[in-house]
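Chemist: I'd like to ask some things about the structure below.
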Amino acid sequence: MTSGAERAGRGAGRDYDQLVQRSRVHRSVYVDGDIFAEEMRKIFGAVWTYLGHESEIPEANDFKATRLGLRPVLLTRAQDGSIHALLNRCMHRGTVVCTAASGNARSFTCSYHGWTYSNTGKLTGVPFPGGTGPDFDRSELSLLALPQVESYRGFIFGVLDAKAPSLREYLGPAAALLDEWIGGGRSRRLVLRHGARRIAANANWKLYLDGAADGLHPLFTHRSFIELCSSRYRPGLFLSEFRRDPDDSEMYSQIMPNGHQYLDQRPSMTPTRWSAARPMPGMEHGVERIRATHGERADAVLEQAAFAGMNIFIFPNLSLVDNNIGVIQPVAANRTEIHWYPVTLSDQLDETLALRMRNGEDSDNFVNVDDVENWERAQEGLENVPEAEWLHTGRGIGTSEPYDESQGVATVAITNEEPMRAYQQVWKRLMQAPAPSLSGVAEGSVPA
Ligand code: FES
Ligand code: FE
């Protein structure tokens, strides 16, 4: 049922127009546990939300545990190759059915009373069925499944709304950026087979979003890493352009419909992305071997090991930074995990793997840990100084038009806070709408 407050454009008793304004946001948006609970229902799953990658469940009967907001989800590949997103919650008395992180299984048995479900969610077994009674109907007790599950270039997303427009439509212009990030033409696939590096922050999940296309913070937040990278300074070196006014560089940010954001660092990485790599252990030896083996093609081969230079954020939880897929996993109003999956390419040459891995470690080992420190300091200030109610979000107002989704893609200077203001409008719209509901038990699937 839609409440009166929701019909009036408010969330559950909150006036989100008041809390999220053009140049300021109220602290409660980051610290209030009730708002967090509402977000977990109204943001995650109300729009297409990233669940996992096809290469994590490559074989028939593979599965992976994931989450849709806080909801535990099993992402499965059935015997016929179709992909399903099942709510991992027993239809008997609510127990999480599968607690393994990943594996290969045709069925899952609940540890509480032994109900068994197939990997498409069907209830296939109940112990001692003679005692279930005449009204017991297994067909009504399948695991709930997301009614729509789709993938784009291997990225699997799900949505609770059976009538939501297609994933391709939701991604909009961001789909072309995903293609560019993968590179190598349509035949190239990404391969994630080695798990994730996990970082936890005592901070609200939206602090990640606020920084997704923020080109002002690197000089300060990432100063030590920029200095490390610049220790053998040459023009075009990774991050070196952040040392001066970043708005004078060739880098740019873009805003897209549905809260997606983009920051392109490539214009500052010259003459090639590989040439912008920071000094790193083993680099000289690896490069020497590649040059000896590949001769004139060596520069092209080294690009396979290079930092992507594209920071793409797909609202609400997928971040592509460096050569990693980052998944933002909210835990509580003041707790967030970031899962960084190193990614290789289907045509990746073995001799480039170590260099690509070293390069890929920058974002979590050096960069993201700096971010976490500042997010935690921000959370501490926001939580503990209630007398200061607002965050200022107005940088760049007047230098660019207010973003309107009918514009499609808008390009702004990288210190402009318009990308943040733009996603906050999407957030507000979702929080003011009724929560999505599952009507009926449809099984979402991606054809093999
Ligand atoms: Fe799962 Fe009883 S709660 S079988
Ligand atoms: Fe950062």
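Chemist: Out of (1) surrounded by 15 or more Cβ atoms within 10 Å (Cβ to Cβ); (2) more than 24 Å from residue 154 (Cα to Cα), what's the single condition that is false for residue 88?
Modeler: Among (1) surrounded by 15 or more Cβ atoms within 10 Å (Cβ to Cβ); (2) more than 24 Å from residue 154 (Cα to Cα), the lone unmet condition for residue 88 is (2).
Chemist: May I ask you to list the residues in region 339-361 that are within 16 Å of ligand 2 (Cβ to nearest atom) and either farther than 17 Å from residue 194 by Cβ or out of contact with any Asp or Glu (no Cβ under 8 Å at 6 or more places or on another chain) (or both)?
Modeler: 361
Chemist: Based on what the data block shows, is residue 242 closer than 30 Å to residue 427 by Cα, at pLDDT below 90 and surrounded by 19 or more Cβ atoms within 10 Å (Cβ to Cβ)? Please lay out each step first, then the result.
Modeler: Numbers: closer than 30 Å to residue 427 by Cα: yes; at pLDDT below 90: yes; surrounded by 19 or more Cβ atoms within 10 Å (Cβ to Cβ): yes.
The answer is yes for residue 242.
Chemist: Can you find a residue that is of a type outside the set (D, E, K, R), more than 21 Å from the chain's Cα centre (by Cα), surrounded by 15 or more Cβ atoms within 10 Å (Cβ to Cβ) and modelled with pLDDT under 85 anywhere in region 248-257?
Modeler: no
Chemist: For region 11-94, give me every one of the helices (runs of 4 or more DSSP H) that falls completely inside it and has 2 or more residues that are over 20 Å from residue 426 (Cα atoms).
Modeler: Filter on region 11-94 gives an empty set.
Chemist: Counting only residues that are within 33 Å of the chain's Cα centre (by Cα) and within 13 Å of ligand 1 (Cβ to nearest atom), which one in region 116-159 is surrounded by the most Cβ atoms within 10 Å (Cβ to Cβ)?
Modeler: Out of the qualifying residues, it is 143.
Chemist: Regarding residue 133, is this residue assigned to a loop (DSSP other than H, G, I, E, B) and closer than 20 Å to residue 59 by Cβ? It would help to see each step written out before you state the result.
Modeler: Working: assigned to a loop (DSSP other than H, G, I, E, B): yes; closer than 20 Å to residue 59 by Cβ: no.
Answer is no for this residue.
Chemist: Considering (1) within 12 Å of ligand 1 (Cβ to nearest atom); (2) part of a loop (DSSP other than H, G, I, E, B); (3) under 21 Å from residue 45 (Cβ atoms), say which one residue 164 fails and leave the rest.
Modeler: (1) is the only condition that residue 164 fails.
Chemist: Another question, if that's okay. Among all residue pairs at least 6 apart or on different chains, which show Cβ distances below 6 Å where the first residue, located in region 202-215, is among the aliphatic types (A, V, I, L, M) and near ligand 2 (Cβ under 10 Å from one of its atoms) and the second is at pLDDT 95 or above and not in a helix (DSSP H, G or I)?
Modeler: 212/261; 212/313
Chemist: (1) buried (at least 20 other Cβ atoms within 10 Å of the Cβ); (2) at negative phi: which one isn't true of residue 396, the others all being true?
Modeler: So the condition that residue 396 fails would be (2).
Chemist: Since residue 341 meets every condition but one in (1) at pLDDT below 90; (2) outside any helix (DSSP H, G or I); (3) not basic (Lys, Arg), which condition does it not meet?
Modeler: (1)
Chemist: Going through region 370-381 one residue at a time, which ones are within 10 Å of ligand 2 (Cβ to nearest atom) and of a type in the set (A, V, I, L, M)? Step through it out loud before you land on a result.
Modeler: Narrowing region 370-381 to residues within 10 Å of ligand 2 (Cβ to nearest atom): 370-372, 374-375.
372 - this is the single residue of region 370-381 that is within 10 Å of ligand 2 (Cβ to nearest atom) and of a type in the set (A, V, I, L, M).
Chemist: Further question: Search region 408-440 for residues being at pLDDT below 95 and surrounded by 17 or more Cβ atoms within 10 Å (Cβ to Cβ), and hand back the single one that is nearest to residue 142 (Cα to Cα).
Modeler: 436
Chemist: Taking the criterion of being of a type outside the set (S, T, N, Q) and in a strand (DSSP E or B), would at least one residue in region 287-309 satisfy it? Write out each step before concluding.
Modeler: From region 287-309, those of a type outside the set (S, T, N, Q) are 287-292, 294-303, 305-309; that's our starting set.
So of that shortlist, the ones also in a strand (DSSP E or B) come out as none.
Within region 287-309 (the criterion being of a type outside the set (S, T, N, Q) and in a strand (DSSP E or B)), the answer is no, since none of the residues qualifies.
Chemist: What do you reckon, is residue 237 in a helix (DSSP H, G or I) and either hydrophobic (A, V, I, L, M, F, W, C) or surrounded by 20 or more Cβ atoms within 10 Å (Cβ to Cβ) (or both)?
Modeler: no
Chemist: In region 412-419, is there at least one residue being within 21 Å of residue 265 (Cα to Cα), part of a helix (DSSP H, G or I) and away from ligand 1 (no atom under 16 Å from the Cβ)? Steps first, answer last, please.
Modeler: First pass over region 412-419, keeping only residues within 21 Å of residue 265 (Cα to Cα): 412-419.
Remaining after also requiring part of a helix (DSSP H, G or I): 418-419.
Filter once more, so that each one left must be away from ligand 1 (no atom under 16 Å from the Cβ): 418-419.
Yes - at least one qualifying residue is present in region 412-419.
Chemist: I've got another one for you. Might you check whether a residue that is under 21 Å from residue 157 (Cβ atoms) and out of contact with any Phe, Trp or Tyr (no Cβ under 6 Å at 6 or more places or on another chain) occurs anywhere in region 380-403? Before the answer, list the steps.
Modeler: Just the residues of region 380-403 that are under 21 Å from residue 157 (Cβ atoms), to begin with: none.
Checked region 380-403: no residue is under 21 Å from residue 157 (Cβ atoms) and out of contact with any Phe, Trp or Tyr (no Cβ under 6 Å at 6 or more places or on another chain).
Chemist: A further question on this structure: Residues that are at pLDDT below 95: list the helices (runs of 4 or more DSSP H) wholly contained in region 193-232 that include at least 2 such residues.
Modeler: Values: elements: 206-211, 218-221, 223-229.
In region 193-232, the matching helices (runs of 4 or more DSSP H) lie at 218-221, 223-229.
Chemist: A further question follows. Residues in region 177-192 that are at pLDDT below 90 and either touching a strand residue (DSSP E or B) at 6+ places or on another chain (Cβ under 6 Å) or in a strand (DSSP E or B) (or both): how many?
Modeler: 0
The values are calculated or read from the model by the stated rules, or taken from the named source; none is laboratory data. Quick caveat, the model's predicted, so the values are computed rather than measured. Glycine also receives a Cβ, built like all others from the backbone with ideal geometry; neighbour counts cover every protein chain displayed.
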